[in-house]
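Here is the structure we will look at, set down as structure tokens.
The values are calculated or read from the model by the stated rules, or taken from the named source; none is laboratory data. These figures come from a predicted structure and were not determined experimentally. Counting neighbours? That spans all protein chains shown, and the Cβs are built from the backbone with ideal geometry, glycine included. Surface areas here come from the heavy atoms of the whole protein model, side chains and all, with no ligands, DNA or RNA. Shrake-Rupley method; radii C 1.70, N 1.55, O 1.52, S 1.80 Å.
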Amino acid sequence: MEFRSINPFSGENVGEYPCLSTKELDAKLAKSQSANLTWRKVPLTVRSKLMTNAGQVLRNHIDQYARMVTLEMGKPISESKREISKCAWVCDYYSQNAKQFLADEVIATDASQSFVRHDPIGSLLAVMPWNFPFWQVFRFAA
């Protein structure tokens, strides 16, 4: 079985994508968990720089990515470009604020010391609407 992507404006077949078997899906999930065990040790400064770089890649290829969104979604190209720009912005936002957002938070309790610490928990699966294909991925991933 394959998924077909059809341009809603023209009815043209944009692409066909094979479905994953259960075995293939399990392999991808295992690979994701393995990657998490490595990435969780990468310093925040390095991950923030990579997020900044991702935003720059989006800006450098805005026309290519916007065309892809327009073909698959039937959106006007101007809306597709705004979506890609917003994704670049969210990369910048989180790369610039990650240190503050992920800092330990000391909290008052009866204990001698209490705090909230933000640790990676592993891979996540998200089921989202697909009317903003790049934004849905980047707002979640960033």
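Tabulated values for the structure
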{"quantity": "Whole-percent carbon and sulfur share, accessible surface of the chain, 1.4 Å", "calculated": "58"}
{"quantity": "Normalised alpha carbon radius of gyration of the chain [divisor 2.2 N^0.38 Å]", "calculated": "1.33"}
{"quantity": "DSSP-assigned coil residues among trypsin sites (Lys or Arg not before Pro) in region 1-59, each with at most 13 further Cβ atoms within 10 Å", "calculated": "Arg40, Lys41"}
{"quantity": "Helical contribution to [θ] at 222 nm, DSSP H n ≥ 4, -39,500 (n - 2.57), averaged over the chain, rounded to 500", "calculated": "-19000 deg cm²/dmol"}
{"quantity": "Cα-based Lys proximity count in the chain, under 27 Å, for pairs eight or more positions apart or on separate chains", "calculated": "12"}
{"quantity": "Difference of contour (0.36 nm per residue) and Cα-Cα distance, Ser34 to Val14", "calculated": "3.9 nm"}
{"quantity": "Relative packing of peptides 134-142, 122-130 - highest average C-beta neighbours within 10 Å first", "calculated": "134-142, 122-130"}
{"quantity": "Rh (Kirkwood; distinct C-alpha pairs) - region 16-74, Å", "calculated": "14.6"}
{"quantity": "Average accessible area per residue (Å²) across region 5-65 - probe 1.4 Å, nucleic acids and ligands excluded", "calculated": "76"}
{"quantity": "Accessible area per residue in Å² at 1.4 Å probe, computed on region 69-133", "calculated": "72"}
